[in-house]
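Engineer: Okay, here's the structure, questions in a sec.
The values are calculated or read from the model by the stated rules, or taken from the named source; none is laboratory data. Since the model is a prediction, treat every value here as computed from it, not as a measurement. FYI the Cβ positions are ideal-geometry reconstructions off the backbone, even for glycines, and counts take in every protein chain you see.
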Amino acid sequence: MKVLLVYAHPEPRSLNGALRDVAIKELKAQGHEVRISDLYADGWKSQVDRADFPTLAQDERLVPAGASKKAFETETLTEDVKAEIEKLLWADALILQFPMWWFSMPAILKGWVDRVFAYGFAYGVGEHSDVRWGDRYGDGTLTGKRAMLIVTAGGWEEHYAPRGINGPIDDLLFPINHGILYYPGYNVLPPFVVYRVDRFDESGLEPVAERLRERMRTLSTTPPIPYRQQNAGDYSIPSMQLHPELGDPGATGFALHVKNDGGANEQ
């Protein structure tokens, strides 16, 4: 496989840096080809602004989605964005690695998504009709490729349990896994999460490193999270409401959008 690892941590000597090196070494040992986008080291520009659209007239109002669409269609996106899109098209699998800061990804990684997931590439793709609402949520440009997260968190694992005060880790990562990765078509694997990292010492690294090696060994075979496909019949179009007979009666929230959620009428 060809693997792109997008890495977002400002300190190379961090635990994240050590885990990145473990993942890359194991992937290469398994015969995979690996490319790395090290956002802090590369000085990645995170904000979307007029500089992203050099053909936009000075007196023209900036509408980011419209400007992104035009730039993608005319091949006038900036060279750094073009290079990342080329990597995504090249890769069979994408890994996003980052520390969880304030219940989300660092701003520099969100900015990578904002700029690289261009209109016409990652969204705004496919027909809109009474039976299909674009190619997204299981369809799209990146359909058939795999993606996963490597995440470090300062809190205890119990804090991110179903009844933990921070909320379930699957809910916290849902906007990334489902809204960013699944949206353009990736098969999204369960995340690799390391907890209590602020209390880590040398003795704690090796067990975690071995778990990560195992995940890298099974990158091509681990079953993805069974998210529901938008255009496969589970949702009413164009309202995008899940059909009432699916899922647990009266249930709401993220878990409804995962198959096999225990609903009595699930098939």
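Engineer: With respect to the numbered conditions (1) of a type outside the set (S, T, N, Q); (2) farther than 30 Å from Leu15 by Cβ; (3) within 14 Å of the chain's Cα centre (by Cα), which one is the sole condition not fulfilled by Leu77?
Structural biologist: (3) is the only condition that Leu77 fails.
Engineer: For the range 223-248, what are the residues that are exposed (fewer than 15 other Cβ atoms within 10 Å of the Cβ) and farther than 22 Å from Gly167 by Cα?
Structural biologist: The answer is Pro223, Ala232, Gly233, Ser236, Pro238, Ser239, Met240, Gln241, His243, Pro244, Glu245.
Engineer: If you go through the range 143-162 one residue at a time, do you hit one that is more than 28 Å from Val194 (Cβ to Cβ), under 14 Å from the mean Cα position of the chain (by Cα) and modelled with pLDDT of 95 or more?
Structural biologist: Yes, there is a match, as at least one residue in the range 143-162 is more than 28 Å from Val194 (Cβ to Cβ), under 14 Å from the mean Cα position of the chain (by Cα) and modelled with pLDDT of 95 or more.
Engineer: Evaluate the following for Thr55: is it β-branched (Val, Ile, Thr), in the same structural domain as Phe200 (by TED's automatic domain parsing), modelled with pLDDT under 95 and more than 21 Å from Leu94 (Cβ to Cβ)?
Structural biologist: Spelling it out, Thr55 is indeed β-branched (Val, Ile, Thr), in the same structural domain as Phe200 (by TED's automatic domain parsing), modelled with pLDDT under 95 and more than 21 Å from Leu94 (Cβ to Cβ).
Engineer: When only residues in the range 185-208 that are buried (at least 20 other Cβ atoms within 10 Å of the Cβ) and within 13 Å of the chain's Cα centre (by Cα) count, which is farthest from Tyr227 (Cα to Cα)?
Structural biologist: Among them, the one singled out is Phe192.
For every residue, the table says whether it meets (1) small (Gly, Ala, Ser); (2) crowded, with 18+ Cβ neighbours inside 10 Å.
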position	(1), (2)
Val48	no, no
Ala71	yes, yes
Val81	no, yes
Glu86	no, no
Lys110	no, no
Tyr119	no, yes
Trp133	no, yes
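Engineer: Now for a different question. Residues to consider are Gly126, Gly164; find the one that is in a loop (DSSP other than H, G, I, E, B), out of contact with any Phe, Trp or Tyr (no Cβ under 7 Å at 6 or more places or on another chain) and more than 28 Å from Val63 (Cβ to Cβ).
Structural biologist: Gly164
Engineer: Sticking with this structure for a sec: Could you please give the count of residues in the range 140-179 that are crowded, with 18+ Cβ neighbours inside 10 Å and in contact with a helix residue (DSSP H, G or I) (Cβ under 6 Å, 6 or more places away or on another chain)?
Structural biologist: Of the residues in that region, 5 qualify.
Engineer: Here's a follow-up. Starting from the range 231-248, keep only residues that are assigned by TED's automatic domain parsing to the domain that holds Lys259, then list their pairs with residues that are of a type in the set (Asp, Glu) and exposed (fewer than 11 other Cβ atoms within 10 Å of the Cβ) whose Cβ atoms are within a distance under 7 Å, requiring at least 6 positions of separation or different chains.
Structural biologist: Filtered contacts from the range 231-248: Ile237/Asp130.
Engineer: Go through the residues of the range 27-48 one by one and say whether even a single one is part of a loop (DSSP other than H, G, I, E, B) and of a type in the set (Val, Ile, Thr).
Structural biologist: yes
Engineer: Right, next: Out of Leu77, Leu56, Leu62, which single residue is part of a loop (DSSP other than H, G, I, E, B), surrounded by 15 or more Cβ atoms within 10 Å (Cβ to Cβ) and either charged (D, E, K, R) or without any contact (Cβ under 8 Å) to a residue 40 or more places away in the chain (or both)?
Structural biologist: Going through Leu77, Leu56, Leu62 in turn, just one is part of a loop (DSSP other than H, G, I, E, B), surrounded by 15 or more Cβ atoms within 10 Å (Cβ to Cβ) and either charged (D, E, K, R) or without any contact (Cβ under 8 Å) to a residue 40 or more places away in the chain (or both): Leu56.
Engineer: Would you check if there is a residue in the range 136-145 being more than 24 Å from Gln97 (Cα to Cα) and touching a Lys or Arg at 6+ places or on another chain (Cβ under 9 Å)?
Structural biologist: No, every residue in the range 136-145 fails to be more than 24 Å from Gln97 (Cα to Cα) and touching a Lys or Arg at 6+ places or on another chain (Cβ under 9 Å).
Engineer: Scan the range 220-235 residue by residue and report those that are of a type in the set (Ser, Thr, Tyr) and either farther than 17 Å from Leu246 by Cβ or at pLDDT below 95 (or both).
Structural biologist: Ser220, Thr221, Thr222, Tyr235 - these are the residues of the range 220-235 that are of a type in the set (Ser, Thr, Tyr) and either farther than 17 Å from Leu246 by Cβ or at pLDDT below 95 (or both).
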